[in-house]
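Structure, as structure tokens:
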Amino acid sequence: MFPVISMQKFDFIIAIKLNLMILNLYLTSERSQKLLLSVKAQTLKNYSGYFTAIPTLAKEKRQKTRSFEEGESAVLYCNPPKSSVTPKIHWMDIQLRHIPLNERVTTSLDGNLYFANLIVNDSREDYTCNAHYISASVILPKERISISVTPSNSVVKNRRPQLQKPAGSHSSYLVLRGQTLTLECIPEGLPTPEVQWERMDSPLSPERVRMLKYKRWLQIESVSEADDGEYTCTAQNSQGSVKHHYSVTVEAAPYWTRRPEDHLYAPGETVRLDCQAEGIPTPNITWSINGVPIAGTDSDSRRHVSSGTLILTDVQYSDTAVYQCEATNKHGNILVNTRVHVVGEHHLIQSPSAICMCSLHAGERLGTLSLQCEYGFVFKNEWIPNFPAVDLLVFIVWDLNGCRYSEYTDGSLKITDVQMEDSGIYSCEISTKLDSVSATGSITVQGESVTDKPGSPHSLGLSEKKDRSVTLSWMPGAENNSPRKEEQNPEKGRWEEYRRVPQDIRHLEIHLQPYSTYHFRVRAVNGIGMSEPSPPSDSYSTPAAKPDMNPENVTTVSTDSNSMVITWQELEQRQFNGPGFKYKIYWRQASGSSPHWKESSASNPPFIVNGTGTFIPFEIKVQAVNELGVGPEPDAEIGYSGEDLPLEAPSEVAVTELNKTTVLVRWSPVSMESVRGHLLGYKIHLRKKGPRTHSRKSLLMQEPAADRNRVIVVHGNKVEMVVSDLQFYSNYTLTVAPFNSKGEGPHSKAYHFSTPEGGKVTFYSAFSFLTFESPSETEMTLRWGAPNKPNGVLTGYLLQYYEPVPGISSEQLMESINLPLDTEFTLKGLNPQIQYHFMLRALTAAGDGEPIEIEGATLLDGGETAHSFATQGWFIGLISAMVLLLLVMLILCYIKKSKGGKYSVKENEEDQVNGAHTKKDGEFGEYNDNEKCSTNQQSVCESKSSSNDSLADYGDSVDIQFNEDGSFIGQYSGRRDPNGHATHGSSGATSPVNPNMPPPSISFPTSVTGFLGPN
């Protein structure tokens, strides 16, 4: 049963395909029923992803009219809904007419509509993106887009091309073999740029490549490994050019190069199942038996895998199975099933055997040839029970050299009046509707009938023995056919074929190497096969001789600056020609006063000559020598001693501006004598010193070293080079240095140059920043860092902000403010209940730069913000703990004062009673701290003083402040001195934010600060 699916047209078609697939699977044998069920379930599972409803568009808010000036570039985004099938995009108007496309207006692979530059006629209100899902026969239109192009008040400024897509200067693509590759290059600029495509390593093939969308697309169908490489797109107009590089890497899912086939085998035979597959990366080949990996089965010494080939030796009936070969790499896998039938006398058709019979007419060479193909049947088959062996139609076909020759139902083939042209390859194929087998053999028609391989030659003899040759003779065996001679090499000790000669040859002169021992034997060959070898001849040894040749590829591979290393290709041992073999090396300066050769000897390369000087040319030659003499006179070759670093720097370095970001660098070459080696070229060291800005308020941002320093390698003797991809409005320094295989020489004098103003300002999130601070609930101060790549003279900043509304992509702009070159600004009159979205742009003569954005609110009343630590849980917990600790200390102080004052008051009362009669009339009696204590009251006075200080010192030192929302933001300070000043040397608790807290009279800062880099 199929799962319930939506009753769409394309779903119904898929269900029909699944039914057909399962019906086909049911036609397999009973042995495959278990496999059938698993395949059926898996098939349904694999197709479940396609049982989805037709994609629908989310309800969109009608977009407002977008305004542009004439000459600007623009992009209209389509963003079709996601689907398992990529839709085809059509841009139309409200009357379903296609928007005209050309070099100025084109579409990209993602369906967006690009304008290289706008004209007034592009204004319209009904640009509509229609997503066409072909398999579902559904077209989904998006909301209409309205744009308005206003004529420019001034002369429209031309501008050099820039790529709208792809971004950057380089992109990489990975494509699989057989897929379709599409590279897109969509520029903008005025006038409309032209696009040219190139391949770096070879010309583009018109048969392989198609240019689409007015050359904005380059498409290659059925990609192969040959399409792997580097491609470039160049967009050019009268103002300049821009280039993009594409690195295309072609890989491949596994595909078969050799697949094993089903066969019948007899017990004891060796089965070899060749399974070879290719792919990128190279696929891994594994074998399974009846679906079980070989690694998971019991080990069997008769079974092993070698280079993807499964070899079964001494097969038995139990080896009958379905063997699966699977090739897998990261791009997929492929599987092939091979049936191996091991049968004895019970197989469907016995392998045929051809029996050749030939009868000759008396006195004539011509006769009749009869070929018989024997076969047999079985009455029971192992795999198909109750198989009827009768009423089977048998077809027997004979082929000659691959062409149909004749058919006979009795399996025989008769050829009358046999001719020489009847020789060839004959095959007999026997087939029924259940099985087929074949046998192949060759027939050679000669002057005499041939029924067996020839006999071995005999009576080998050696004559005319010379230093470099010997004559070998032999007698033919029973069959007189073409023999071949074999010789034995004494060093290798194995037989090698020397030559094949016609059948009427009985002796042969053989050329030999000196200083070797040989044995000879002969075989006879006819159309049936090769005879056994003859008995070996007597051995024959050749005398030693001078070498016949000298070594080849004599050259120098010097590395040290004061020596020369000579090397060569060694001779084989058989070419030594005698004992005491060695090489004699000769050398002399190629240009010098000494015409005499210096010489030495060595047994093998390399040979080192010291004290040669730096990069001096020499004539060199190597000669083979043994005890009997030297080889032929060798030819002299030119070699060099080791190189050293160049001594001279290039001069007259000059820079010519080609456009705002490209220059031509020229220099005068160095003398060849100063190179002290083979000049490999020059290296241009380019260093960016920073933007051309003198504003003290601008922030100098640090760029990566790879962006500041570049090395351009110029190969060969070229003395000029185009350097591109420079930054606008920047200062540069360059030097030029020669180099050889040893390294670089001295650099030229530094050349300083600057690039003019150019593109719009860009921000880099790693360097520029935008922060905010809220001094009050209605104010917010924004601070930012100046852009590190102004690309020109900064004229000011543009600050815009609005309130984000969830679910709405286009927000209502609240205010745009043009700012001077200051790097901070305070906004007033803000609503503390609103979370604002701020965008800041830098302004130059080229226009508005890319924005840096941030969101935030004023203080905490404006809602929780990610930029304030005052709302964090750890901060609230810390403040609560400090308040609790302060309350405990106050309670302890109160208890101490109460206990200490009890005794002092009592003594005071006693003193008042005893001295009451001494007071003057009308004078109020009270206790005076300044009264002198008697000796017996000293401890009481001290206790009194301590008690009085205990609360007085701490009671006024608690400065507790609360914010408007009730959160604690105060601190506990130390004791006060008698003069009323706070003493911070006490053990009072400190602030968790600032360990050096201000005096209690200064409240905790009530500001909320946020920090965020650019988006």
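Suppose we filter the range 793-820 for residues that are surrounded by 15 or more Cβ atoms within 10 Å (Cβ to Cβ) and at pLDDT below 80; how many remain? Counting residues in the range 793-820 that are surrounded by 15 or more Cβ atoms within 10 Å (Cβ to Cβ) and at pLDDT below 80 gives 1.
Apart from one condition, Thr192 fits all of (1) without any contact (Cβ under 8 Å) to a residue 24 or more places away in the chain; (2) farther than 23 Å from Val723 by Cα; the exception is (1). Within the set Arg506, Arg574, the sole residue that is over 52 Å from the mean Cα position of the chain (by Cα) and among the basic types (Lys, Arg) turns out to be Arg506. Sort out which residues of the range 218-236 are buried (at least 17 other Cβ atoms within 10 Å of the Cβ) and touching a residue at least 40 places away in the same chain (Cβ under 8 Å), and write them in order of number. Correct list: Ile220, Val223, Asp227, Tyr231, Cys233, Ala235, Gln236.
Looking at Glu198, Glu188, just one residue is assigned to a strand (DSSP E or B) and within 23 Å of Gly229 (Cβ to Cβ), and that residue is Glu198. For the range 647-659, filtered to residues that are touching a Ser or Thr at 6+ places or on another chain (Cβ under 6 Å) and in contact (Cβ under 8 Å) with a residue 40 or more places away in the chain, the residue that is nearest to Asn610 (Cα to Cα) is Leu647.
Scanning the range 73-87 for residues that are surrounded by fewer than 13 Cβ atoms within 10 Å (Cβ to Cβ) and either within 30 Å of Gln236 (Cα to Cα) or without any contact (Cβ under 8 Å) to a residue 12 or more places away in the chain (or both) yields a total of 1.
Would you confirm whether or not the range 648-655 contains a residue that is at positive phi and either open to solvent by 40 Å² or more (accessible area, probe 1.4 Å) or among the aliphatic types (A, V, I, L, M) (or both)? For the range 648-655, residues at positive phi and either open to solvent by 40 Å² or more (accessible area, probe 1.4 Å) or among the aliphatic types (A, V, I, L, M) (or both): present.
Scanning the range 861-891 for residues that are of a type in the set (Val, Ile, Thr) and either at pLDDT 75 or above or touching a His at 6+ places or on another chain (Cβ under 6 Å) (or both) gives Ile876, Ile879, Val883, Val888, Ile891.
Of all positions in the range 218-229, at least one carries a residue that is in contact with a helix residue (DSSP H, G or I) (Cβ under 6 Å, 6 or more places away or on another chain) and in a strand (DSSP E or B).
Return yes when Lys660 is modelled with pLDDT under 95 and crowded, with 19+ Cβ neighbours inside 10 Å and no when it is not. Answer is yes for this residue. In this entry, Ala167 is excluded by the filter for residues that are surrounded by 19 or more Cβ atoms within 10 Å (Cβ to Cβ) and outside any strand (DSSP E or B). Which of the residues that make up the range 112-130 are in a loop (DSSP other than H, G, I, E, B) and either surrounded by fewer than 21 Cβ atoms within 10 Å (Cβ to Cβ) or in contact with a helix residue (DSSP H, G or I) (Cβ under 7 Å, 6 or more places away or on another chain) (or both)? Once the filter is applied, which keeps residues that are in a loop (DSSP other than H, G, I, E, B) and either surrounded by fewer than 21 Cβ atoms within 10 Å (Cβ to Cβ) or in contact with a helix residue (DSSP H, G or I) (Cβ under 7 Å, 6 or more places away or on another chain) (or both), the range 112-130 yields Asn112, Ile119, Ser123. Checking each residue in the range 734-743 for being open to solvent by less than 60 Å² (accessible area, probe 1.4 Å) and in contact with a Leu (Cβ under 8 Å, 6 or more places away or on another chain) picks out Leu734, Pro738, Phe739, Asn740, Gly743. The residues on offer are Ile620, Ile608, and the sole one that is aliphatic (A, V, I, L, M), open to solvent by 40 Å² or more (accessible area, probe 1.4 Å) and in contact (Cβ under 8 Å) with a residue 24 or more places away in the chain is Ile608.
The residues of the range 170-189 that are at positive phi and open to solvent by less than 20 Å² (accessible area, probe 1.4 Å) amount to a single one, Gly189. Scanning the range 707-753 for residues that are of a type in the set (A, V, I, L, M) and over 23 Å from Gly240 (Cβ atoms) yields Val711, Val713, Val719, Val736, Ala737, Ala750. Contact map, the range 195-210: first residue under 12 Å from Cys233 (Cα atoms), second residue in a loop (DSSP other than H, G, I, E, B) and of a type in the set (A, V, I, L, M, F, W, C), Cβ cut-off under 8 Å, separation 6 or more or different chains; pairs are Val195/Cys185; Trp197/Cys185; Trp197/Leu204; Glu198/Leu204. For the criterion of being surrounded by 13 or more Cβ atoms within 10 Å (Cβ to Cβ) and modelled with pLDDT under 90, Arg339 fails.
The values are calculated or read from the model by the stated rules, or taken from the named source; none is laboratory data. On a predicted model such as this, the values are computed, not experimentally measured, just so you know. Glycine gets a Cβ as well: all are built from the backbone with ideal geometry, and neighbour counts include every protein chain shown. We work out accessible area using only protein heavy atoms, side chains counted, and drop any ligands, DNA or RNA first. Shrake-Rupley method; radii C 1.70, N 1.55, O 1.52, S 1.80 Å.
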